[in-house]
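The values are calculated or read from the model by the stated rules, or taken from the named source; none is laboratory data. Note that this is a predicted model, so its numbers are computed, not measured. All Cβ positions, glycine included, derive from the backbone under ideal geometry; neighbour counts span all protein chains shown.
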Amino acid sequence: MEKQLNPIGSLFEKAEDYLETRMDLYRLRAIDKSSDVLSSIAARLVIALFIASFFLMLNIGLALLIGRSMGEVYYGFFIVAGFYLVVIVILYSLRDKWLKAPISNLIIKSILN
């Protein structure tokens, strides 16, 4: 009788070890995927920050150039601001097609790969 309990007990111990190992594997995979997604987002944010800084300086220079050619510096800033107002209205009206869907697809693709 003891010989029968020993193999069954051993089987249960191995099953328990297997389940613990599987849980650890799933946890490690989730951590790996999360860290991959977060590091990708962080890298893109740093790049976006530098691109935004570049465009800020470019727009200030462009506004000064336009303003100087029109006689008053602030005219250039108003023209550049008006251009961005038009861009904002266009982006807002097309936000689902141009922004929401591509960003959602990028996040889903990043998580599933």
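Quick look at the values:
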quantity: The stretch 58-102: number of residues that are surrounded by 11 or more Cβ atoms within 10 Å (Cβ to Cβ) and either under 26 Å from S34 (Cα atoms) or touching a strand residue (DSSP E or B) at 6+ places or on another chain (Cβ under 9 Å) (or both); calculated: 4
quantity: One residue from Y74, Y92 being at pLDDT 85 or above and touching a helix residue (DSSP H, G or I) at 6+ places or on another chain (Cβ under 7 Å); calculated: Y74
quantity: Meets criteria (exposed (fewer than 10 other Cβ atoms within 10 Å of the Cβ), modelled with pLDDT under 95, assigned to a helix (DSSP H, G or I) and not hydrophobic (A, V, I, L, M, F, W, C)) for K3; calculated: yes
quantity: Among (1) surrounded by 10 or more Cβ atoms within 10 Å (Cβ to Cβ); (2) modelled with pLDDT under 95 - the single one S53 does not satisfy; calculated: (2)
